[in-house]
1. In the set 579, 551, which member is out of contact with any Cys (no Cβ under 8 Å at 6 or more places or on another chain), over 20 Å from residue 695 (Cα atoms), modelled with pLDDT under 90 and of a type in the set (A, V, I, L, M)?
2. Is it fair to say residue 63 is at pLDDT 50 or above, open to solvent by 70 Å² or more (accessible area, probe 1.4 Å) and not acidic (Asp, Glu)?
3. Are any of the residues in the stretch 455-475 assigned to a loop (DSSP other than H, G, I, E, B), touching a strand residue (DSSP E or B) at 6+ places or on another chain (Cβ under 8 Å) and modelled with pLDDT of 90 or more?
4. Name the residues in the stretch 490-522 that are basic (Lys, Arg) and either assigned to a loop (DSSP other than H, G, I, E, B) or touching a strand residue (DSSP E or B) at 6+ places or on another chain (Cβ under 6 Å) (or both), would you?
5. Look through 378, 368, 409, 400 and report the one residue that is assigned to a helix (DSSP H, G or I), within 30 Å of residue 215 (Cα to Cα) and without any contact (Cβ under 8 Å) to a residue 24 or more places away in the chain.
6. Could you check residue 487 against (1) part of a helix (DSSP H, G or I); (2) open to solvent by less than 20 Å² (accessible area, probe 1.4 Å); (3) touching a residue at least 12 places away in the same chain (Cβ under 8 Å) and say which number it fails?
7. Exactly one of (1) in a helix (DSSP H, G or I); (2) open to solvent by 60 Å² or more (accessible area, probe 1.4 Å) is unmet by residue 178. Its number?
8. List, please: which pairs have Cβ atoms under 6 Å, are six or more places apart or on different chains, and start with a residue in the stretch 132-152 that is without any contact (Cβ under 8 Å) to a residue 12 or more places away in the chain and end with one that is exposed (fewer than 12 other Cβ atoms within 10 Å of the Cβ)?
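The values are calculated or read from the model by the stated rules, or taken from the named source; none is laboratory data. Just so it is clear, the structure is predicted and the values come from calculations on it, not from any experiment. All Cβ positions, glycine included, derive from the backbone under ideal geometry; neighbour counts span all protein chains shown. Heads up: the accessible areas ignore ligands, DNA and RNA and are worked out on the full protein's heavy atoms, side chains in. Shrake-Rupley method; radii C 1.70, N 1.55, O 1.52, S 1.80 Å.
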Amino acid sequence: MNLVSPNPSGSMMVAGTASTAEGIPAVREYLRIAMRWRYVILGTVAACVLSGLIVTLLMTPKYTATATIEISREASQVTNFQGVERETSVADQEFYQTQYGLLQSRSLSERVATQLRLVDDPKFYERFGMASDELAFQRVNGRYPAAGRAVRQRVAGEILRKNLQITPTRLSRLVDIRFTSPDADFSAKVANAWSDNFIQVNLERKVQATSYGRDLLQRQLAQQKERLDDSQRQLVSYASQERIINLPAQQGASGSTTERSIVADDLAALNGALSQATAERIAVEARYREVGRAGASTEALRNQAINTLRQRRAELSAEYQRLMTQFEPEYPAARAVQSQIDQIDRSIAGEERRVSGSLAADYRSAVERERGLQGRVEQLKASYLDLRRRSIQYNIFQQEVDTNRALYEGLLQRFKEIGVAGGVGVNNVSVVDPADVPQRPSSPRLLINLAIALLAGLGLGAILAFALEQIDEAIADPAEIERRLGLPLLGSVPKVTGQTPKEALIDRKSDLVDAYLAVQTNLAFTTEHGVPRSLSVTSTRPAEGKSTTALALATTLARAQRKVILVDGDMRSPSVHHLGGVDHDRGLSNFLAGQEELESLLFRMDDLGFVAMSAGPIPPNAAELLTGNRLSVLLDRLLETYDHVVIDSPPVMGLADAPLIASKVEAVIYAVESHGIRSSLVKTALARLASANAHIVGGVLTKFEARKAQYGSGYEYGYGYGRDRAATVKAEQD
């Protein structure tokens with residue numbers, strides 16, 4: 001049965017065999033650990049701060065000089081007419097990371113060391129505490145040997161790089177070059193030399209790249225020029241061999257060169273002449289055919305002489321008709337006019353015959369000319385087709401010449417551009433701010449070092465506190481009874497100082513009485529009938545407060561008007577008889593050995609109000625007496641008379657007595673000494689009791705010091721609260 005009852009601290013707890021404690025919040029747990037190990041943490045912090053102060057005061061002051069440079073993505077594009085400034089691209093990050101790596105390169109550091117003459121300077125190595133047994137640093141007549149210069153140069157570069165810091169400014173092209181040394185002037189000198197040498201190296205790298213490119217292009221130009229000359233010679237040789245004669249080259253629309261052959265030009269010209277001759281022949285033939293059909297041609301009608309004659313004939317005809325109106329045809333004047341008309345008619349016919357003959361002659365001439373041109377055109381066509389067959393290879397050679405010429409001209413143009421760009425010499429690195437001589441040391445910084453030491457001390461102290469907390473298996477506070485051991489917490493008993501436990505129990509206002517009143521209150525909820533009638537109090541080892549707990553429980557129960565008997569079950573180291581002021585000549589061992597009479601084995605403790613039984617004479621082997629049924633018989637007989645039987649049981653570890661007693665009683669109360677026992681030992685002892693089928697109702701934390709557990713006076717309030725609660729419970733039960 002599980003009942004809910006207040007624990008000594010005022011919070012609620014679950015009592016019973018299956019009860020579990022609520023988890024402590026992490027912050028409170030950390031605070032508890034910190035307060036418990038506060039002296040370890042404070043000591044660690046003080047040691048770290050003191051060490052930081054001493055180290056800071058012993059450190060050599062160092063000065064940091066800073067030079068700022070600007071690194072552009074590329075040099076200004078002076079030879080590019082599309083724009084002088086280059087646009088930013090995604091690959092800039094890779095470029096700048098490369099530049100930062102170059103700023104920390106070994107070659108640059110060794111170059112700076114050589115320029116500043118640090119390689120053979122003993123003061124330089126002494127300034128940075130460089131001491132070596134190598135032959136390169138063994139001075140002869142105050143000087144370093146020349147044979148070890150390469151080694152010294154490497155070491156000098158390493159020293160410079162170790163004290164150099166490259167710090168890019170975020171989202172900008174600016175880079176800070178910082179050098180730290182014990183000498184302020186030297187720091188500024190190195191920082192400025194580093195920036196200057198980086199610029200010089202960058203320029204030299206560009207010149208080398210341009211020079212390499214020019215040499216490569218020059219070799220390619222020579223090779224391409226040779227190929228172009230060979231292809232041109234091959235083309236001319238083939239043209240001479242095949243008698244291919246072309247007119248001078250012309251620039252084509254696509255940029256390539258084209259040549260015209262003489263045969264093609266002649267064929268084109270004669271073809272045009274043939275077309276013209278055919279047209280002329282057709283025209284002449286039409287006029288000629290017209291004369292044959294109509295008897296008069298258009299040329300005759302347009303002839304000036306014929307038209308003049310016809311006009312004259314018309315005049316004479318008019319004159320003749322006039323004469324005919326007056327005279328006869330035989331009239332002399334009329335006959336003369338008629339004679340003139342006849343003569344004009346003959347002249348007109350002659351002229352017309354001449355014109356017709358001219359047209360026939362023109363027709364025949366046109367036909368002959370057309371035929372001649374046709375024959376020549378046919379000859380040229382055959383020649384042109386033959387030329388086309390022979391020009392296939394020629395065109396192949398011509399294309400090779402054009403290709404080689406284009407490649408050669410492109411390489412030549414690129415070679416000229418590289419020459420111009422190399423001559424410009426624009427650098428993409430510039431100094432923004434040269435390094436000034438620092439006026440104050442950059443390190444050590446006392447406040448920062450002390451802050452770091454303080455944080456380190458806190459961290460180390462916290463680690464030590466947690467480590468000690470993990471190593472320490474002692475039960476420190478009441479919550480650990482439930483968390484570590486899995487036992488319900490019945491109560492916490494303060495450590496008694498200045499008086500004996502019996503004296504503290506006699507004083508009803510003492511803290512010890514308040515604590516055990518709380519234990520009694522919690523015991524009332526462990527069974528259906530309240531406080532178990534028979535119970536034993538045990539612990540892991542001696543001197544953990546189990547006897548005091550048994551005595552106190554018997555006392556509080558007696559004061560609650562219960563008939564109680566306290567039995568000293570520790571027959572190996574009895575203690576109850578000392579509290580009663582009697583000896584242990586007669587007691588528990590006598591009854592277990594077979595004595596039946598009880599009254600002679602008991603004695604009263606009037607000051608505490610209950611009856612007690614001592615352990616009796618110490619037997620040779622107490623475990624043998626407990627293995628029988630005499631203890632059960634004793635309990636049955638005592639419970640006939642008394643309300644509660646409290647047995648002060650011996651410790652569990654190393655003895656079989658406690659499990660034997662625990663198996664016979666109704667409940668077992670386990671006493672755990674605060675800060676005095678390891679939890680692993682307690683778990684082992686609890687396992688032994690569990691194997692004996694003991695009913696452990698809970699644990700009591702004894703010798704508890706609220707100051708050590710960091711509960712303060714607030715925890716002491718729980719004792720008074722427990723006493724009030726016990727009184728309330730008693731009143732309810734009554």
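1. Being out of contact with any Cys (no Cβ under 8 Å at 6 or more places or on another chain), over 20 Å from residue 695 (Cα atoms), modelled with pLDDT under 90 and of a type in the set (A, V, I, L, M) holds for just one of 579, 551, which is 579.
2. no
3. no
4. 495, 508, 509
5. 409 is the lone residue from the list that is assigned to a helix (DSSP H, G or I), within 30 Å of residue 215 (Cα to Cα) and without any contact (Cβ under 8 Å) to a residue 24 or more places away in the chain.
6. (1)
7. Against the list (1) in a helix (DSSP H, G or I); (2) open to solvent by 60 Å² or more (accessible area, probe 1.4 Å), residue 178 comes up short only on (1).
8. From residues that are without any contact (Cβ under 8 Å) to a residue 12 or more places away in the chain, there are no pairs.
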